[in-house]
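A short write-up of the structure that comes next.
Laboratory data are not the source of any read-out in this text; all were calculated from the coordinates shown. Keep in mind that what you see is a predicted model, and the values were worked out from it rather than measured. Methodologically, a virtual Cβ is constructed for each residue, glycine included, from the backbone with ideal geometry; neighbour enumeration extends over all protein chains shown.
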Amino acid sequence: MRLAVKIVNARGHVADVDIAAARLAGFGDAELIEIVLHVALNTLTNYVNEVAGTEIDFPAVPAARRAA
C-alpha cells in the first residue's frame, strides 16, 4: 500500500528509494508491475466514472487518516 500511495501522490514519479523499500519488503518485478497496474486501473475507472457521471449506489466511506 505504501508504494501504491506514493505512486498516486507522485503521479508515477516515485523515487528509487521507494522501489528499493518495496523490494526489501519482498516484492519482485512482477509484483511491482502489478501494483502499478492496479493504481492505473483504479485511476482509469475513476476518470471514466467522473466523465460518465456514474451514480454512486452505496454509502460513502470516509477516507482513513494516515498515522504520523
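Residues T54, T43: which one is more than 14 Å from M1 (Cα to Cα), without any contact (Cβ under 8 Å) to a residue 12 or more places away in the chain and surrounded by 10 or more Cβ atoms within 10 Å (Cβ to Cβ)? Step through it out loud before you land on a result.
Details: T43 fails: without any contact (Cβ under 8 Å) to a residue 12 or more places away in the chain.
T54 is the lone residue from the list that is more than 14 Å from M1 (Cα to Cα), without any contact (Cβ under 8 Å) to a residue 12 or more places away in the chain and surrounded by 10 or more Cβ atoms within 10 Å (Cβ to Cβ).
Being β-branched (V, I, T) and within 16 Å of the chain's Cα centre (by Cα) is the requirement here; does V14 meet it?
Details: β-branched (V, I, T): yes; within 16 Å of the chain's Cα centre (by Cα): yes.
Criteria met by V14.
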